[in-house]
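Below is one structure, written out as structure tokens; the observations come after it.
The values are calculated or read from the model by the stated rules, or taken from the named source; none is laboratory data. Keep in mind the model is a prediction, meaning the values are calculated, not measured. We place every Cβ from the backbone using ideal geometry, glycine too, and count neighbours over all the protein chains shown. Areas reflect the complete protein model, heavy atoms only, side chains present, ligands, DNA and RNA absent. Shrake-Rupley method; radii C 1.70, N 1.55, O 1.52, S 1.80 Å.
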Amino acid sequence: MKQFNLSLTRILFLAIFLFFISPFIFAQSDKIQGKVIDAANKSPIAGVTVSIKNSTVGTSTDGDGNFTLEAPKNGKILVTFVGYQSIEINAAQKNPTIQLTASSQQLNEVIITATGIKKEAKRLGYAIQTIDAAALTKAREADPINSLKGNAAGLEININSEIGHSPDVIIRGENDPNNRPLFVVDGVPISSDTYNLNPDDIETFTILKGPNAAALYGFQGKNGAIIISTKKGTRDKRGLQVTFNSSTQFNKGFIALPKYQDTYGPGDNGKYAYGGGGSSPASYFGNGAVGVGINDYDYDVWGPQFRGQLLPQYDGVYDPSQTYTTTFTDGTTYQGHIAPTPFTARGKDNLKKFIQTGLLSSNSISVGSSTEKTDFRLSVGNTYQQGIVPNTQLNNGNFTASVVERFNKKLTLTSYFNYSRQSTPNVPDVNYGPNSIIYNIIIWGAADWSVKDPNIRNYWQPGKVGIQQNYEEYYRYNNPWFMSYQWLRGHYQNNEYGYLSLNYKLNDNLDFQFRPSMTAYDMFNSEKLPYSADVYGRELRQGDYREDRRSLFESNVDVQARYHKDNILGFLDVQALAGATDRNFSFNSDFESTNYPVAIP
């Protein structure tokens, strides 16, 4: 046994020794000081990434192209920079001067600019950025524009977490979030929101900043443009290709919630006694009580401390034949006909208990085929969102069809059509006021009631279904369950856009294009304000109903002639474009509302 203990001690000592000495044995490294220059003009390149291959250790070059890096003697150094070919060198080189060669692939990359015109990136006189959409669909967003956040320089995407709301999109140089950039699909401007785009139909995004977009698209492009290219046919030339994509995401709610106190209950200056929960003669006072208690009408949250003491509350039994006396800490008393109940913080974390797990489910299937003569693609998709507020959701269905027919070497016809349908029976209101659930639960709500209480969950008062909601207070606020299932805000919208493009190539230098296109939508919004619901300007609580209908139609007919000739006199390239566009635009809006009665002072 002693021999075993001695051996074990030696092994432990050797392991500890090797642990501390191993960095000096195995990690011998040298400091490398080098420089990165352009192979063509020998000028230094700043911002080049210089890293040890197959590791996370690295640095970048300074303004003069210089870098310093600790690297193992037998290692490899990887040098990469956008627009240049990557290169590897041996770490054994002491003071290397690394020459990077411009990537011909990127220089020859074809970019789609105005009205679908394709140009090589190296021929553009301005900077643009193109993003491959395939990298953005691994975790899908409800609105495909959301996925651009953090993926494009100078592009600010402020994602709106509310169901059905598009993000605020700001391109560098524009400070007003209302000045949205122009969205262009295959060269056709669209006037509706971007919810109607199926992420799996998008090939690339190209970001075009303000002045350049304005030069290409006129007034419509004054705030910049996001040019979207869609998929045509399939890259797989073996025949028919069927693709199915599905993703599901869950949302547990808010990342953080404001701190709010649950030590003191409703009331003011340490006093509270429920006597009806309202002060307006037009209000119905719960439990049959008519009158006002102590600080129960505007529901401040600095009443008595929760200690389990007996106080008249919203769930107490009303008995006009009985008189109950409540004595406060300062010796004052209150007499009423509502039986006192224990005053406890039964509604702690009401908001967390009320919200549900959100869901974002996206599914799409596409069928594509490409031959020498024809490219064909058909796709169907659906995105379903379930909000974190009960009874809120949004369905967004999408159908897309495209055909490219090459009749001969000179004549090509391209057709594209997209239809989408947004529908929801209810979306929440997040404004400040009694029409907001957050306003009712967090901002002004105390912890004396629980959203799980059956008296609250069953939001209609017994015998008064459709007439009077059931809640702890009736002066200004609303039962959150009542708001979710009775105060409904519907949204239904159809979006359509498409185009036909006929291209004729007269010769190698001259081609013509004729392209009619259209974009349209019709939208229906409704709001059902139920009887007994309170909102600013509707204090009589007599219900209301309103409808908002909008329709838009825009058509554009483009005619273009394009000429290009390379290597004139051995050094000159010429490109010319002539064309005209006829644009027609119409918009109609119709709003109706019931004639809500005006309160008489």
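For the range 404-442, what are the residues that are part of a loop (DSSP other than H, G, I, E, B), at pLDDT 90 or above and within 25 Å of the chain's Cα centre (by Cα)? Across the range 404-442, the qualifying residues are Pro425, Asn426. Restricting the range 69-88 to residues that are polar (S, T, N, Q) and assigned to a loop (DSSP other than H, G, I, E, B), the residue that is surrounded by the most Cβ atoms within 10 Å (Cβ to Cβ) is Gln85.
Checked against the criterion of being over 30 Å from Pro199 (Cα atoms) and touching a residue at least 12 places away in the same chain (Cβ under 8 Å), the range 427-434 has at least one qualifying residue. Among the residues of the range 443-455, is there at least one that is buried (at least 21 other Cβ atoms within 10 Å of the Cβ), aliphatic (A, V, I, L, M), touching a strand residue (DSSP E or B) at 6+ places or on another chain (Cβ under 7 Å) and in a loop (DSSP other than H, G, I, E, B)? Yes, the range 443-455 has at least one match. Give Asn431, Asn435, Asn391, Asn440 a once-over and let me know the one that is open to solvent by less than 10 Å² (accessible area, probe 1.4 Å) and either out of contact with any Lys or Arg (no Cβ under 6 Å at 6 or more places or on another chain) or on the phi > 0 side of the Ramachandran plot (or both). One residue alone meets the criteria, Asn440.
Of the residues that make up the range 209-223, is at least one open to solvent by 20 Å² or more (accessible area, probe 1.4 Å), modelled with pLDDT of 75 or more and not in a loop (DSSP other than H, G, I, E, B)? No: the range 209-223 contains no residue that is open to solvent by 20 Å² or more (accessible area, probe 1.4 Å), modelled with pLDDT of 75 or more and not in a loop (DSSP other than H, G, I, E, B). Within the range 89-104, the set of residues being at pLDDT below 80 and in a strand (DSSP E or B) comprises Ala102 only. A single entry from Asp534, Asp558, Asp508 fulfils the requirement of being open to solvent by 60 Å² or more (accessible area, probe 1.4 Å) and not aromatic (Phe, Trp, Tyr): Asp508. Kindly check whether there is at least one residue in the range 300-308 that is modelled with pLDDT under 85 and acidic (Asp, Glu). Scanning the range 300-308 turns up at least one residue that is modelled with pLDDT under 85 and acidic (Asp, Glu).
Checking each residue in the range 296-327 for being surrounded by fewer than 19 Cβ atoms within 10 Å (Cβ to Cβ), of a type in the set (A, V, I, L, M, F, W, C), out of contact with any helix residue (DSSP H, G or I) (no Cβ under 9 Å at 6 or more places or on another chain) and part of a loop (DSSP other than H, G, I, E, B) picks out only Trp302. Taken over the range 484-498, the criterion of being hydroxyl-bearing (Ser, Thr, Tyr) and at pLDDT 90 or above is satisfied by Ser484, Tyr485, Tyr492.
Only one residue in Leu107, Leu136, Leu148 is within 30 Å of Gln393 (Cβ to Cβ), at pLDDT below 70 and out of contact with any Asp or Glu (no Cβ under 6 Å at 6 or more places or on another chain). Which one? From the options Leu107, Leu136, Leu148, the qualifying one is Leu136.
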